[in-house]
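J.: One structure, pasted below without further comment.
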Amino acid sequence: MTTLAELTTLGVGGPIKNFVAATSPEEIIAAVSQADEQGEDILIVGGGSNILAADTPFDGTVVHIANQGYAIEGGAACEIPSANSTQPVEAKTAACGGYTVTAQAGQNWDEFVAAMVKEQFVGLEALSGIPGTVGATPIQNVGAYGADVSQTIARVYTWDRQEKKKVSFSNEAMKFSYRDSIFKQSMMGSSPRYIVLSVDFQLEVGDLSAPVKYPELARSLGVEVGNRAAVDQVREQVLKLRASKGMVLNPEDRDTFSTGSFFTNPIVPEDFKLPADAPQYPVGDGYKKLSAAWLISHSGFEKGHGLPGPASLSTKHSLAITNRGSATAQDIVNIAEEVQKGVQKKFGIKLEAEPILINCSL
Ligand code: NAP
């Protein structure tokens with residue numbers, strides 16, 4: 001019997017009553033519709049990198065989104081910006097030019113990014129090394145190093161479980177914001193109303209990246225913040241930085257048996273008082289974003305807290321909770337609760353879990 005431990009990067013989770021690997025949009029729709037007609041609980045799994053599932057059996061249907069591949073559908077090349085241009089990357093529309101690339105929802109994300117960088121498409125390079133599948137990226141508007149997928153996704157094709165029909169969304173209709181979209185807002189418990197079948201990206205052609213926004217990345221590339229670098233070098237440096245923090249999946253490295261960031265970066269009112277050395281980034285409308293990792297490490301939780309395990313904070317990043325080999329879901333929850341309570345006590349901020357929690361809670 002397939003278990004959720006086998007399907008998730010954390011490697012925890014109980015056995016599954018009904019498991020379907022769906023390798024085409026039609027198979028996805030058939031599996032989801034059948035489970036819905038039978039009133040079963042549904043869990044959609046792509047790369048399994050954002051799920052913490054309980055050790056108890058999952059008494060429903062798990063649909064593994066396994067449709068692969070992508071197709072470059074032509075278009076006209078956009079103007080290539082000069083090396084020191086700081087012009088921002090804007091949300092793309094079909095009218096902007098560039099190329100439309102349609103990727104299947106089950107396509108491995110990082111293999112897709114690697115292929116697009118090789119094709120000399122611009123816009124995905126800062127999102128290198130992120131685990132999971134293409135179909136998961138619009139749900140929480142996946143982002144890293146100042147880029148997010150809302151900047152390049154033109155259209156998403158879905159199955160609407162409520163209306164029982166195919167629905168597609170334009171970029172604007174997806175209401176993208178920081179790690180959020182209409183898909184996240186319309187979740188039905190822990191399963192989505194809209195099942196992503198495929199995604200259209202609108203990509204410009206060029207050998208220079210989007211402007212580099214994060215100082216750490218700019219430093220490692222040897223460019224000023226706001227300038228551009230070669231697309232393939234940005235990918236290379238992002239992979240190096242992520243790997244140094246245990247954020248690139250590696251079966252040899254227990255620090256990568258995680259859900260990536262376990263907590264989201266809190267957004268608080270601008271006048272929220274914190275020590276002067278706390279990283280704080282304005283996000284507009286009178287709010288600022290804090291670093292969850294900083295809050296954790298300044299609440300007395302060092303990297304590796306909880307070692308030797310069975311669960312601990314990563315030895316490379318205080319924001320990842322890791323399975324050292326034999327952790328149960330409860331072991332992961334215990335560390336998460338300890339950290340959450342510690343940060344609440346020290347700073348009065350309640351950290352929110354980023355992964356989807358299945359039959360367990362903090
Ligand atoms: P970091 O550089 O130690 O910074 C801590 C946090 O501060 C980051 O999460 C980032 O927020 C924010 N930040 C840093 N510089 C910023 C700037 N110039 N403007 C706005 N916000 C800034 O972060 P890290 O943990 O090593 O991660 C670096 C990047 O990789 C981040 O973008 C992060 O999201 C991404 N990443 C994500 C995961 C994941 O599992 N989700 C894992 C590894 C890395 P943001 O997260 O909003 O960017």
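J.: From the residues in region 177-206 that are touching a strand residue (DSSP E or B) at 6+ places or on another chain (Cβ under 6 Å) and charged (D, E, K, R), which one is nearest to the ligand (Cβ to nearest atom)?
T.: So the residue we want is GLU204.
J.: Right, something else. Looking at region 277-296 only, could you name the residues that are free of Cβ contacts under 8 Å to residues at least 40 places away in the same chain and either more than 10 Å from the ligand (Cβ to nearest atom) or in a strand (DSSP E or B) (or both)? Steps first, answer last, please.
T.: Of all residues in region 277-296, those free of Cβ contacts under 8 Å to residues at least 40 places away in the same chain come to 277-282, 284-288, 291, 293-294.
Passing the criteria: ASP277, ALA278, GLN280, TYR281, PRO282, GLY284, ASP285, GLY286, TYR287, LYS288.
J.: Check ARG254, ARG193, ARG228, ARG179 and return the single one that is closer than 15 Å to ALA126 by Cα and charged (D, E, K, R).
T.: Working: ARG254 fails: closer than 15 Å to ALA126 by Cα; ARG193 fails: closer than 15 Å to ALA126 by Cα; ARG179 fails: closer than 15 Å to ALA126 by Cα.
Unique residue meeting the criteria: ARG228.
J.: Still on this structure, I have one more. Within region 221-243, restricting attention to residues that are of a type in the set (Val, Ile, Thr) and more than 9 Å from the ligand (Cβ to nearest atom), which residue is surrounded by the most Cβ atoms within 10 Å (Cβ to Cβ)? Working first, answer last.
T.: First pass over region 221-243, keeping only residues of a type in the set (Val, Ile, Thr): 223, 225, 231, 234, 238.
Filter once more, so that each one left must be more than 9 Å from the ligand (Cβ to nearest atom): 223, 231, 234.
Working: VAL223: 20, VAL231: 24, VAL234: 27.
So the residue we want is VAL234.
J.: In this structure, is ALA218 within 15 Å of the ligand (Cβ to nearest atom) and free of Cβ contacts under 8 Å to residues at least 24 places away in the same chain? Before the answer, list the steps.
T.: Values: within 15 Å of the ligand (Cβ to nearest atom): yes; free of Cβ contacts under 8 Å to residues at least 24 places away in the same chain: yes.
So ALA218 passes the test.
J.: In this structure, is ASP200 more than 30 Å from LEU295 (Cα to Cα) and open to solvent by 40 Å² or more (accessible area, probe 1.4 Å)? Show your work before the answer.
T.: On the way: more than 30 Å from LEU295 (Cα to Cα): yes; open to solvent by 40 Å² or more (accessible area, probe 1.4 Å): no.
So ASP200 does not fit the description; no.
Residues checked against (1) over 22 Å from SER186 (Cα atoms); (2) within 16 Å of the ligand (Cβ to nearest atom); (3) within 16 Å of the chain's Cα centre (by Cα):
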{"residue": "TYR99", "(1), (2), (3)": "yes, no, no"}
{"residue": "VAL117", "(1), (2), (3)": "yes, no, no"}
{"residue": "VAL122", "(1), (2), (3)": "yes, no, no"}
{"residue": "SER128", "(1), (2), (3)": "yes, yes, yes"}
{"residue": "GLY143", "(1), (2), (3)": "no, yes, yes"}
{"residue": "SER150", "(1), (2), (3)": "no, yes, yes"}
{"residue": "VAL167", "(1), (2), (3)": "no, no, no"}
{"residue": "LYS175", "(1), (2), (3)": "no, no, no"}
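J.: Here is a further query. Picking from SER318, SER314, which residue would you name as being among the hydroxyl-bearing types (Ser, Thr, Tyr), within 20 Å of ALA243 (Cα to Cα), in contact (Cβ under 8 Å) with a residue 40 or more places away in the chain and touching a helix residue (DSSP H, G or I) at 6+ places or on another chain (Cβ under 6 Å)?
T.: Details: SER318 fails: in contact (Cβ under 8 Å) with a residue 40 or more places away in the chain.
Selected residue: SER314, the only one of SER318, SER314 that is among the hydroxyl-bearing types (Ser, Thr, Tyr), within 20 Å of ALA243 (Cα to Cα), in contact (Cβ under 8 Å) with a residue 40 or more places away in the chain and touching a helix residue (DSSP H, G or I) at 6+ places or on another chain (Cβ under 6 Å).
J.: Does at least one position in region 244-263 carry a residue that is within 11 Å of the ligand (Cβ to nearest atom), under 28 Å from GLY286 (Cα atoms) and among the hydroxyl-bearing types (Ser, Thr, Tyr)?
T.: Within region 244-263, one or more residues are within 11 Å of the ligand (Cβ to nearest atom), under 28 Å from GLY286 (Cα atoms) and among the hydroxyl-bearing types (Ser, Thr, Tyr).
J.: I need the strands (runs of 3 or more DSSP E) fully contained in region 1-67, keeping only those with at least 3 residues that are free of Cβ contacts under 8 Å to residues at least 60 places away in the same chain.
T.: Working: elements: 16-22, 42-45, 51-53, 58-65.
The qualifying strands (runs of 3 or more DSSP E) are 16-22, 58-65.
J.: Does THR3 count as at pLDDT 95 or above and away from the ligand (no atom under 16 Å from the Cβ)? Before you say what the answer is, go through the steps one by one.
T.: Values: at pLDDT 95 or above: yes; away from the ligand (no atom under 16 Å from the Cβ): yes.
Criteria met by THR3.
The values are calculated or read from the model by the stated rules, or taken from the named source; none is laboratory data. Owing to the predicted nature of the structure, the values given are computational and were not obtained by experimental measurement. Heads up, the Cβs are rebuilt from the backbone with ideal geometry, glycines too, and the neighbour counts pull from every protein chain shown. We work out accessible area using only protein heavy atoms, side chains counted, and drop any ligands, DNA or RNA first. Shrake-Rupley method; radii C 1.70, N 1.55, O 1.52, S 1.80 Å.
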